[in-house]
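Worksheet for the structure shown next.
Every number in this text was worked out from the coordinates using simple rules, so none of it is lab data. Computed from a prediction, not measured in an experiment: that's the story for all the values here. Ideal geometry is used to build each Cβ from the backbone, glycine not excepted, and the neighbour counts take in all protein chains shown.
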Amino acid sequence: MPSPPWIQNLLPFPRLLWPSLLLATGIYHFIMTVLETIFLDRQPAKVLNLTQIRYKVFARLWTYNGAAMSQEMPGPLGALVSSCRGRVLDVGPGSRELLGRFNPEGITAMYGAEPAVDLHEGLLNNARKTGFGEKYHALLCGGEPESLIPALHKSGVLASSGTGGMAEDGIFDEICCLRVLCGVPRPRETIKGLYILLKPRGRMVICEHVVNPWRTEGSITARAIQFVYEVLGWSFFLGGCGMQRHTREYLREAGEWETFELQYVQPKNVVPYVVGELIKKR
Ligand SMILES: C[S@@+](CC[C@H](N)C(=O)[O-])C[C@H]1O[C@@H](n2cnc3c(N)ncnc32)[C@H](O)[C@@H]1O
């Protein structure tokens with residue numbers, strides 16, 4: 001996302017430095033989550049479960065800051081999201097600050113694959129408030145195939161279609177990946193799995209921050225700073241979010257596309273985005 005306006009007011013050169021505020025916020029929520037787990041929940045052993053702690057830290061951070069971080073959406077994302085139709089999979093919806101930007105009328109069913117259980121209550125509340133009602137199905141799983149496929153089976157959506165349980169003929173009209181592929185494990189394989197779940201001529205809506213494209217339209221300084229943030233623990237403190245992912249390339253390699261339209265937003269930024277739509281070949 002572009003630097004939020006309050007950060008732009010706070011810092012004279014926000015483009016390169018605003019991620020340090022986010023990193024500091026991540027460290028604060030990490031410490032608070034560990035302290036709460038040990039002293040309030042009295043379950044110190046849970047601190048050793050790094051995957052669960054990671055989701056808890058991120059859920060805490062997102063509960064406090066998600067709305068502020070969703071005020072402004074990069075590039076043409078608003079129009080792309082509001083045109084979603086049919087059966088939609090939203091990977092990592094969070095507590096769904098963006099749900100109000102979708103148009104529930106054209107959507108027959110929406111599945112949100114959200115592994116952070118602490119965000120589900122807010123997600124379902126927002127789904128009710130924004131008119132999705134019974135059409136919204138929150139799945140407690142990640143976007144990676146070994147987690148997503150069993151959850152889709154359990155929800156019943158994969159029972160009627162798909163070959164050998166893998167949905168080789170596709171089951172979703174649209175798949176939205178909005179600020180999530182930076183944090184999924186094994187992104188190349190996860191994206192391939194999502195491609196398989198898309199129907200022929202189905203659409204992926206993408207808004208993802210990626211490695212700085214310094215060889216073309218990006219900035220070598222911003223690229224170097226990305227490396228420094230990673231060394232300082234960006235990924236560890238921010239729920240596994242990777243700053244240097246080649247998500248654009250992974251998406252291109254995932255399968256055959258009829259349309260592949262991704263534009264860089266703020267390519268000279270330390271957190272540059274690719275935003276756009278991809279349509280699967282018939
Ligand atoms: C930065 S938030 C973005 C939320 C929402 N998509 C938005 O743009 O407002 C990233 C979300 O991805 C979720 N997440 C983390 N790991 C994931 C995974 N492996 N699969 C799916 N979602 C994941 C996090 O719990 C969090 O809710």
How many percent of DSSP beta bridges within the chain run antiparallel, rounded to 5? 45
Sorting check: for 76-82, 264-270, which peptide has the highest mean count of neighbouring beta carbons within 10 Å, and how do the rest follow? 264-270, 76-82
When the chain is modelled as a GNM with alpha-carbon springs shorter than 10 Å, which of Gly156, Gly131, Gly122 fluctuates the most? Gly156
Can you run phi through the Karplus equation (6.51, -1.76, 1.60; θ = phi - 60°) for region 264-276 and list ³J(HN,Hα) in whole Hz, with x for Gly and Pro? 6, 10, 6, x, 8, 7, 6, 10, x, 10, 10, 10, x
Around Arg96, under 9 Å between beta carbons, what's the net of Lys plus Arg minus Asp minus Glu among the other residues? -3
Difference of contour (0.36 nm per residue) and Cα-Cα distance, Thr51 to Gln71: 4.4 nm
For the chain, what D do you get in µm² per second when you plug the Kirkwood radius from alpha-carbon pairs into Stokes-Einstein at 20 °C and 1.002 mPa s? 111
Sequence-distant residues sharing a close amide H with Gly202 (under 5 Å, placed H): Lys280
Let me know the charge dipole size of region 167-222 about its Cα centre in debye, to the nearest 20, where only the beta-carbon of Lys, Arg (+1) and Asp, Glu (-1) is charged. 140
Cleavage-rule hits, trypsin sites (Lys or Arg not before Pro), region 187-246, DSSP coil, Cβ neighbours within 10 Å at most 16: Arg215
Max mean-square fluctuation residue, GNM over the chain, Cα-Cα springs under 10 Å, options Ile175, Ile196, Ile38: Ile38
Give me a comma-separated list of calculated 3J(HN,Hα) values for region 61-78, in order, Karplus coefficients 6.51, -1.76, 1.60 applied at θ = phi - 60°, integers in Hz, x for any Gly or Pro. 4, 6, 4, 7, 10, x, 5, 4, 7, 10, 5, 10, 10, x, x, x, 4, x
With r defined as the distance between the Cβ atoms of Ser155 and Ser82 and R0 fixed at 35 Å, what FRET efficiency is calculated, to the nearest 0.05? 0.90
So which GluC sites (Glu not before Pro) in region 173-236 end up in coil per DSSP with only 14 or fewer other C-beta atoms within 10 Å? Glu217
